[in-house]
Amino acid sequence: MTIKSATSRPSYPQVVLQRGRDKNIRARHPWVFSGAIASVKGEPALGETVEVRSEHGDLLGMGAWSPQSQIQVRLWAVGRATIDRAFFAEKIQAALQQRQSLGISARNTAYRVLNAESDSLPGVVVDKFGDWLIMQALTAGAEHWKHVIAELLMEQLACKGVYERSDVEIRKKEGLSTTTGLLLGEMPPAFIDILEEGRHYRVDVLNGHKTGFYLDQRDNRTAVEHYAQGRTVLNCFSYTGGFSIAALKGGAIKAINIDASQPALDLAAQAAQLNGFNPEQMDNIQGDVFQLLRQYRDEGRQFDLIILDPPKFAENKSQIEKAARGYKDINLLGFRLLKPNGLLFTFSCSGLMDSNLFQKIVADAAVDAGCDAQIIRKLDQASDHPTRLAFPEGYYLKGLICQK
Ligand code: SAH
């Protein structure tokens, strides 16, 4: 008779790597590509936990199985771990403590609670907006555990509900369909008002972009606030006016938002009211930035501070060249429309566009615009969107403040 020890570990299917393909994981990179896998022992289901072993059978880590993706395993843990409720409780607690230690949760009613791989939870993105949490489950592993994670979040953060916004195409690569809906607790209201470093914003968590608001630009909005005094501001790709509210709070004379989305601009106008600004200080123009910048150039209009925060121009490597042309085009126009000593805040949120290439494109644009501008500061994503050192792919948002 065999007596099973009470402490026996759950047994997991095993993914065995090709010879020499253990290096990345030993360097704590959390992805295992299909080409690195020699064999799979057992029949793991989509999102189920597997052990990752070297060719010699060394246990390298525990991860989530995603057979349809090119990244077939995403690691939850390096080395041996039991992947269960207690495991996720610990990761969530660590992430919350980090936000607290940086003062982010004290100064903001909205912040990123879980930033996927960089918080050791691949595919799990959670943003807090007031009393609600908005979650994106981007991968098979995140999908498998999302209800447990939602319960733990409700326990650890006194909030009213967790709503899912997994309406993202990237899920299709994981064999998952897109989905939205309430995961736990009460349904969020249509709009949630948030406070960010003293600035008020209105967020559409149900239908807005991503989880509703670009929290990653928080520190850069604060930078705009710092430099805005007495300036006229043109905020291109404004979405709900994030940068313009910061500019007006910093003493800008006037801010003009341009965006393709009328609902986003309506929220910008409401945010101006929430902050007590005179409505005449903000113009909201629905249109195409590429066209309007040309029109303003032809009309000879000039501004003291211009923000260029376009959507991702490159979704994959084959689009980088086209993206580069897009960045060059708007930055050239941006420099032309700047007054002498004016400031250009220019951003790229394409992870595939590296910082050096982006800087080179902006430099070329300045040359073509006939100006000898300087970089006065470099910007990146806010500190609640950290980048794990072992996971450089987590770094995507970069910006330059250039002065003409
Ligand atoms: N700066 C914003 C985020 C910008 S996201 C913030 O800090 O909140 C990119 C925005 O560009 C989206 O709101 C989208 O509606 C808009 N957009 C995309 N292409 C556009 C175009 N060609 N012209 C104008 N707006 C565009």
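The values are calculated or read from the model by the stated rules, or taken from the named source; none is laboratory data. Source: prediction; values computed, not measured. FYI the Cβ positions are ideal-geometry reconstructions off the backbone, even for glycines, and counts take in every protein chain you see. We work out accessible area using only protein heavy atoms, side chains counted, and drop any ligands, DNA or RNA first. Shrake-Rupley method; radii C 1.70, N 1.55, O 1.52, S 1.80 Å.
State all residues of the stretch 17-73 that are assigned to a helix (DSSP H, G or I) and open to solvent by less than 20 Å² (accessible area, probe 1.4 Å); if no residue qualifies, say none. Within the stretch 17-73, ILE25, ALA36 qualify.
Looking across the stretch 316-338, the residues that are in contact (Cβ under 8 Å) with a residue 12 or more places away in the chain and either open to solvent by 70 Å² or more (accessible area, probe 1.4 Å) or at positive phi (or both) come down to LYS317, ARG336.
Residues in the stretch 85-115 that are open to solvent by 10 Å² or more (accessible area, probe 1.4 Å), over 11 Å from SER383 (Cβ atoms) and not basic (Lys, Arg): ALA86, PHE87, ALA89, GLU90, GLN93, ALA94, LEU96, GLN97, GLN100, SER105, ALA106, THR109.
Return a yes/no flag: does the stretch 288-296 have any residue that is within 25 Å of the chain's Cα centre (by Cα), buried (at least 17 other Cβ atoms within 10 Å of the Cβ) and at pLDDT 95 or above. Within the stretch 288-296 (the criterion being within 25 Å of the chain's Cα centre (by Cα), buried (at least 17 other Cβ atoms within 10 Å of the Cβ) and at pLDDT 95 or above), the answer is yes, since at least one residue qualifies. Note on the stretch 241-267: residues that are near the ligand (Cβ under 10 Å from one of its atoms) and under 20 Å from ILE330 (Cβ atoms) amount to 11. Residues in the stretch 209-240 that are out of contact with any strand residue (DSSP E or B) (no Cβ under 9 Å at 6 or more places or on another chain) and near the ligand (Cβ under 7 Å from one of its atoms) were compared, and the one that is farthest from LEU344 (Cα to Cα) is HIS209. Only one of the listed residues (SER348, SER383) is in the same structural domain as THR240 (by TED's automatic domain parsing), at negative phi, surrounded by fewer than 22 Cβ atoms within 10 Å (Cβ to Cβ) and in contact with a helix residue (DSSP H, G or I) (Cβ under 9 Å, 6 or more places away or on another chain). That residue is SER383. Any residue at all in the stretch 245-259 that is buried (at least 24 other Cβ atoms within 10 Å of the Cβ) and over 22 Å from LYS339 (Cα atoms)? So far as the stretch 245-259 goes, no, none of its residues is buried (at least 24 other Cβ atoms within 10 Å of the Cβ) and over 22 Å from LYS339 (Cα atoms). Taken over the stretch 116-149, residues that are open to solvent by 20 Å² or more (accessible area, probe 1.4 Å) and closer than 18 Å to GLU196 by Cβ amount to 3.
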